[in-house]
Amino acid sequence: VQNFDLFFAFDLTIRLVVCGVLLGSLEQFSIVRHFSGNGVFSLGTVLPFHKKTPFLGVLEKHFSIILLIQAIISLAVVVIGPFAFGGNILLLLLLGICLLVKWRRQTGGDGAEQMAMIVLVAAAFAVFPNLSANRILIAVAFIAAQGALSYLTAGIAKLISSKWRSGFAIRDILSTYTHGHPLAFSWLQKYPTLSFIGCWSVILFECLFPIMIFGPEWLLIATLVIGLSFHIGCAVFMGLNSFLWSFPGVYPCIVAVVFLLKVPM
Amino acid sequence: MDFALRNVAFEDTWTVIVALVLSTWFLASILHQFRFKWWRYVTRFDVSNLLPAWSFFAPNPGCHDLHLVYRDWFGESAGQWQQFYINSKLGWRWIWNPSRYPSKGLIDLIQSLFYNIKAFSDHPKSVLLSQSYISLLYFVMQQPQVKGTTHRQFAIVANQSFNKCSSLIVKYLSEKHRAEL
């Protein structure tokens with residue numbers, strides 16, 4: 001773990017997060033019908049949210065092509081990485097297309113997409129117009145800080161919620177079709193203690209995340225393994241598949257910053 | 001030599017700008033989590049939604065499915081309620097879940113409508129002019145119509161789909177709107 005240098009961490013984070021962007025563009029391409037006709041994201045449905053609409057007509061006609069270009073550029077970034085020749089241009093192009101797709105859609109975004117945008121903007125700053133060690137350090141620190149903030153905020157918000165403290169939140173979330181699972185719900189309905197333990201485990205893990213990563217090396221590894229398992233669980237039982245790429249994707253930056261701060265000056 | 005010096009000066013300046021932008025963004029992200037009332041004046045400028053909201057499923061976890069349903073009116077008689085379905089394959093959602101986009105899109109519109117209902121509680125009719133209401137109404141009106149439909153109405157209902165004991169709760173009932181074929 002101590003061999004994690006900033007460049008390696010930055011490179012790995014970009015590739016992992018862009019894997020999620022690739023998945024998102026292919027998923028949106030597969031439901032492109034929702035962006036036209038009587039779909040949820042049809043022009044007429046999103047129009048009330050647009051203040052200026054100069055490109056919407058053009059975008060409407062070529063939206064499936066734009067999603068395909070987004071997928072191709074994402075794949076290229078995943079394969080060659082941000083440090084290869086032209087990697088910085090590809091990152092900038094990908095950022096532009098992601099912003100365009102998000103702007104066109106207006107609704108339907110989630111936390112994973114927000115984290116991906118944060119990583120892409122920070123990465124573009126770090127490698128454009130040229131690669132800079134100082135700017136990579138700043139970008140890695142920024143990404144790691146946003147990662148830690150995300151867990152801490154989620155933890156505190158759950159801690160102040162009576163539904164989470166009572167231990168019913170996970171059971172009730174899993175009872176829904178949108179973010180639930182029939183099998184998991186039936187277990188938790190049968191054994192409410194499991195739901196209670198689950199709620200408090202999530203609260204404690206998220207609240208203590210920024211402290212635990214600065215503990216001994218075994219605690220750092222354990223925290224990240226628990227985090228990864230948590231996101232796998234959320235993907236399997238709640239359908240939050242994009243979070244599996246965006247959040248564990250920033251772990252390399254977190255590890256790099258932790259070791260950087262631990263090195264005696 | 002002069003060119004090299006200028007390059008170094010540009011590099012240093014750009015690095016300072018990047019450091020300032022990213023540290024301001026991070027501080028703004030921290031403030032954004034507190035949802036202060038005055039902060040709304042700042043978020044108005046966040047057109048690309050780059051300020052993250054990290055309080056996933058809290059403090060109010062989404063414990064109900066929100067369904068958009070609509071019915072046609074034929075003069076004075078009402079037709080059956082119909083639901084707009086977004087199917088997702090539960091077994092594959094962990095790796096491939098395209099339905100999360102339209103599903104979340106509809107939930108965002110519905111949540112925005114609920115926010116407006118609360119915000120305009122003194123003038124309930126004002127909700128009809130809100131972006132989310134117009135958007136949902138347009139979406140509902142675009143769904144296939146049968147011959148003879150004069151008006152269409154939509155509603156938001158909530159339940160816990162996997163909980164057999166859960167009952168359907170009507171959260172919102174819209175006005176009747178003239179249907180144009």
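The values are calculated or read from the model by the stated rules, or taken from the named source; none is laboratory data. Worth saying up front: this structure is predicted, and the values here are computed from it rather than measured. Note that we place each Cβ from the backbone using ideal geometry, even for glycine, and neighbour counts take in every protein chain shown. Only protein heavy atoms, including side chains, enter the accessible area calculation; ligands, DNA and RNA are left aside. Shrake-Rupley method; radii C 1.70, N 1.55, O 1.52, S 1.80 Å.
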| Integer Hz, Karplus 6.51/-1.76/1.60 couplings in order for the range B:31-39, x for Gly and Pro | 4, 4, 6, 7, 6, 5, 4, 5, 5
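Which trypsin sites (Lys or Arg not before Pro) in the range A:32-133 pass both tests, a DSSP loop state and at most 12 other beta-carbon atoms within 10 Å?
Numbers: sites: A:33, A:51, A:52, A:61, A:102, A:104, A:105; in loops: A:51, A:52.
Sites meeting the loop and neighbour criteria: A:51, A:52.
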| note | Residues other than residue B:107 with Cβ under 14 Å of its Cβ, Lys/Arg counted +1 and Asp/Glu -1, net out at +1
| query | Got a sec to turn the phi values of the range B:55-72 into Karplus ³J(HN,Hα) couplings, 6.51 cos²θ - 1.76 cosθ + 1.60 with θ = phi - 60°, whole Hz, x for Gly and Pro? | reply | 8, 4, 6, 8, x, 9, x, x, 9, 9, 7, 9, 10, 9, 10, 8, 9, 9
| request: Could you order A:22, B:27, B:109 by accessible surface area, starting with the largest, using a probe radius of 1.4 Å? | output: B:27, A:22, B:109
| query | Quick one: which of B:46-55, A:234-243 comes out on top by average Cβ neighbours within 10 Å, and what's the full order, highest first? | reply | A:234-243, B:46-55
| request: Please name which of A:84, A:57, A:9 has its Cα lying farthest along the dipole of the range A:7-84 towards the positive end, using unit charges on Cβ (Lys, Arg +1; Asp, Glu -1) and the Cα centre as origin. | output: A:57
| query | Shielding of A:175-187 by partners, i.e. mean partner chain Cβ atoms within 10 Å per residue? | reply | 6
| remark: In short, the range A:233-249 residues buried by 30 Å² or more of accessible area relative to the isolated chain (1.4 Å probe) are A:236, A:239, A:241
| Ranked packing of A:209-216, A:186-193, B:94-101, most packed first, by mean Cβ within 10 Å | B:94-101, A:209-216, A:186-193
| remark: Only helices counted: for chain A, with every DSSP H run of 4 or more residues adding -39500 (n - 2.57) and the sum spread over all residues, [θ] at 222 nm is -23500 deg cm²/dmol
| request: Any chance you could look up the accessible area of residue B:41 with a 1.4 Å probe, heavy atoms only, rounded to 10 Å²? | output: 150 Å²
| said: Heavy atoms only, 1.4 Å probe, whole protein assembly: order B:174, B:103 by accessible area, highest first. | reply: B:103, B:174
| note | In whole percent, the fraction of accessible protein surface over the protein assembly as shown that belongs to carbon or sulfur atoms, probe radius 1.4 Å, stands at 69 percent
| task | Work out the length of the dipole vector of the protein assembly as shown about its Cα centre, built from +1 on the beta-carbon of each Lys and Arg and -1 on the beta-carbon of each Asp and Glu, and round it to the nearest 20 debye. | result | 1160 debye
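Note the full-extension length gain between residue B:170 and residue B:12 as 0.36 nm times their separation in residues minus their Cα-Cα distance, in nm to one decimal.
Here the segment from residue B:170 to residue B:12 would lengthen by 50.9 nm.
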| In sequence order, what are the phi-derived ³J(HN,Hα) couplings for the range B:136-149 according to the Karplus relation 6.51 cos²θ - 1.76 cosθ + 1.60 with θ = phi - 60°, rounded to whole Hz, with x for glycine and proline? | 5, 5, 4, 4, 5, 5, 7, 6, x, 10, 9, 5, x, 5
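How well do other chains shield peptide A:19-31, expressed as the mean number of their Cβ atoms within 10 Å of each residue Cβ? Walk me through the intermediate numbers first.
Values: counts 0, 0, 0, 0, 4, 4, 0, 2, 6, 3, 1, 4, 6.
Averaged over the peptide's residues, the number is 2.
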| Per residue solvent-accessible surface (Å²) - the protein assembly as shown, probe of 1.4 Å | 49 Å²
| field | Sequence-distant residues sharing a close amide H with residue B:172 (under 5 Å, placed H) | value | B:156
| task | Could you tell me whether the range B:76-143 comes out rounded, prolate or oblate from its Cα gyration tensor? Rule is a ≥ b ≥ c as square roots of the eigenvalues, rounded for a/c under 1.5, then prolate if a/b exceeds b/c, otherwise oblate. | result | oblate
| Kirkwood hydrodynamic radius of chain A, from inverse mean 1/r over distinct Cα pairs, in Å | 20.0 Å
| field | Distance in nm between pseudo-label sites at residue B:125 and residue B:180 (7 Å out along the Cβ direction from Cα) | value | 2.2 nm
| note | Residues whose modelled amide H sits under 5 Å from the amide H of residue B:65, counting only those 5 or more places away in sequence or on another chain, are A:177, B:159, B:160, B:161
| said: Can you compute the helix-only [θ] at 222 nm over chain B? Use -39500 (n - 2.57) per DSSP H run of at least 4 residues, normalise by all residues, nearest 500 deg cm²/dmol. | reply: -12500 deg cm²/dmol
| message | For peptide B:6-18, what's the mean number of Cβ atoms from other chains within 10 Å of each residue's Cβ? | response | 3
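At the nearest 100 Å², what buried accessible area, both sides summed, do you get for A and B when the probe is 1.4 Å?
It comes to approximately 6100 Å² buried between A and B.
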| note | Row for chain B, column shape: gyration tensor on C-alpha, a ≥ b ≥ c, rounded if a/c < 1.5 i.e. under 1.5, prolate if a/b over b/c, else oblate; value prolate
| remark: Cα-based Debye curve of the range A:189-230 sampled at q = 0.29, 0.32 Å⁻¹ gives log₁₀ I(q)/I(0) of -0.96, -1.06
| Cα→Cβ-extended label distance, 7 Å offset, between residue A:72 and residue B:142, nm | 2.7 nm
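Ignoring ligands, DNA and RNA, how do B:76, A:206, A:217 rank by accessible area with a 1.4 Å probe, largest first?
Ranked from most to least accessible, the order is B:76, A:217, A:206.
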| message | For a protection proxy built on the mean count of beta-carbon atoms within 10 angstrom, sort A:150-158, B:8-16 highest first, please. | response | A:150-158, B:8-16
| said: Just to be sure I understand: if I project the alpha-carbon convex hull of the range A:1-131 onto a plane and average over all orientations, what area do I get in nm²? | reply: 8.7 nm²
